[in-house]
Amino acid sequence: MTWVKRGRIFEPRGEYPFMASHAAVPIVVPGDGDLVRIYVSARDRENRARVCRLDFDVARGEVVRAHGAPVLDVGALGTFDDHGVVGSWIVEHAGRLHLYYAGVTLGVTVPFYFYLGLAVSFDGGETFTRVTASPVLERSSVDPYLTGQACVRIEDGRWRMWYVSGTRWEPRDGGPRHYYHIKYAESADGRHWRRDGRVSIDFEGDEYAIARPCVVKDGSTYRMWYCYRCASYRIGYAESADGLDWARMDARAGIDLAPEGWDSEMLAYPFVFDHAGRRYLFYNGNGYGRSGLGWAVLDD
């Protein structure tokens, strides 16, 4: 496959106090006609992330509105998400939108912790309310370090999740380094998850971070886009016949760094979205979303 880049569509410039920098980890949800909703995580001047909403016109290729309030704010002091919330996936069920997000808190022996939380919208995505003040994917014997950035699909009443799982921290000059890859879980209700440690996408070579799975099913084939990091993030690709056993095919991802500009150093946090018979890829560039959000279209 080959993705044709269409350029950067949004870069925060302090439009609002909660949007001082970054537009990270895009989630695209259908709207009316060519207007779609893009949820991104922006940071304030204290580096705390909040989930906010952009309205994007696909036909015009531009953001027509950045909403003036976050749809999900940071958690209460002392909770697992009191230093930031980073959206990862939205799935509709029973007429409500379910937002899975990584809640961030600061650490002492390690720089940070994050765990997967869940919030639900009762107003069509204008705002989201936490289901619980605690994570839905907390520490366990399977995931003793970190959980976050999930993709969730509902198939025949079964909730299927591919999520980021921490495997260890390693002491290094300049501070500890995190290691995380992608695992699999299932649920009957989207809130209580069964985990057995099954790995979907594992490390290769010198990789130490594999993040933001995005799973699409085309016929009998599951396709996953994700990002993997050695020196900096690149977008990877894998296929599966059942969503359980995956074959990495990163050379077929079809997108690479630009020679210069906003996505010349990093490609991160892919989200694949179909609209009006075309397939689009939304992604972040340099600085984990600091340089903004861009998109590409699949070349037919």
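The values are calculated or read from the model by the stated rules, or taken from the named source; none is laboratory data. The structure presented is a predicted model; accordingly, all values stated were derived computationally and were not measured. With ideal geometry, Cβ positions are generated from the backbone for all residues, glycine too; neighbour counts draw on all protein chains shown. For accessibility, only protein heavy atoms count, side chains too; no ligands or nucleic acids. Shrake-Rupley method; radii C 1.70, N 1.55, O 1.52, S 1.80 Å.
Side notes on the structure shown:
- Which listed residue, of Val142, Val152, is in a loop (DSSP other than H, G, I, E, B) and either touching a residue at least 40 places away in the same chain (Cβ under 8 Å) or within 20 Å of the chain's Cα centre (by Cα) (or both): Val142
Residue-wise test of (1) over 28 Å from Asp34 (Cα atoms); (2) touching a strand residue (DSSP E or B) at 6+ places or on another chain (Cβ under 6 Å).
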{"residue": "Arg60", "(1), (2)": "no, no"}
{"residue": "His67", "(1), (2)": "no, yes"}
{"residue": "Leu77", "(1), (2)": "yes, no"}
{"residue": "Phe80", "(1), (2)": "yes, yes"}
{"residue": "His83", "(1), (2)": "yes, yes"}
{"residue": "Phe114", "(1), (2)": "yes, yes"}
{"residue": "Gly125", "(1), (2)": "no, yes"}
{"residue": "Thr132", "(1), (2)": "yes, no"}
{"residue": "Asp143", "(1), (2)": "yes, yes"}
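- Of the residues making up segment 280-298, those that are open to solvent by 10 Å² or more (accessible area, probe 1.4 Å) and part of a loop (DSSP other than H, G, I, E, B) are Arg290, Ser291.
- Set Gly95, Gly157, Gly124: member being under 30 Å from Gly14 (Cα atoms), open to solvent by 20 Å² or more (accessible area, probe 1.4 Å) and at pLDDT below 95: Gly124
- Just one of the listed residues (Val64, Val136, Val104) is open to solvent by less than 20 Å² (accessible area, probe 1.4 Å) and modelled with pLDDT of 95 or more, namely Val136.
- Pair list, Cβ < 7 Å and 6+ apart or interchain, from segment 3-19 residues that are within 12 Å of Gly292 (Cα to Cα) to residues that are assigned to a loop (DSSP other than H, G, I, E, B) and hydrophobic (A, V, I, L, M, F, W, C): Arg8/Trp262; Pro12/Met19; Pro12/Ala20
- Total residues in segment 169-179, condition without any contact (Cβ under 8 Å) to a residue 40 or more places away in the chain and under 21 Å from the mean Cα position of the chain (by Cα): 2
- Filtered residues of segment 179-221 (kept if touching a Pro at 6+ places or on another chain (Cβ under 8 Å) and at negative phi): Ile182, Ser200, Ile201, Cys214
- Among residues of segment 97-110 that are over 30 Å from Asp189 (Cβ atoms), those with a beta-carbon under 9 Å from a residue that is among the acidic types (Asp, Glu) and not in a strand (DSSP E or B) at least six positions away or on a different chain give the pairs Leu106/Asp82.
- Filtering segment 249-279 to residues that are open to solvent by less than 20 Å² (accessible area, probe 1.4 Å) and among the hydroxyl-bearing types (Ser, Thr, Tyr) leaves nothing.
- Some residue of segment 190-205 being among the aliphatic types (A, V, I, L, M) and either exposed (fewer than 13 other Cβ atoms within 10 Å of the Cβ) or within 20 Å of Trp3 (Cα to Cα) (or both): no
- Selection of segment 272-300 for residues being aromatic (Phe, Trp, Tyr) and more than 19 Å from Ser88 (Cα to Cα) yields an empty set.
- Counting only residues that are open to solvent by 40 Å² or more (accessible area, probe 1.4 Å), among the charged types (D, E, K, R) and out of contact with any Asp or Glu (no Cβ under 8 Å at 6 or more places or on another chain), segment 29-61 holds 5 of them.
- Some residue of segment 208-220 being open to solvent by less than 50 Å² (accessible area, probe 1.4 Å), over 26 Å from Pro30 (Cβ atoms) and among the charged types (D, E, K, R): no
- Here Ala24 clears all of (1) touching a residue at least 12 places away in the same chain (Cβ under 8 Å); (2) of a type outside the set (Val, Ile, Thr); (3) closer than 20 Å to Tyr280 by Cα; (4) open to solvent by 40 Å² or more (accessible area, probe 1.4 Å) except the condition numbered (4).
- In segment 202-211, the residues that are touching a residue at least 40 places away in the same chain (Cβ under 8 Å) and under 10 Å from Val164 (Cβ atoms): Ile210, Ala211
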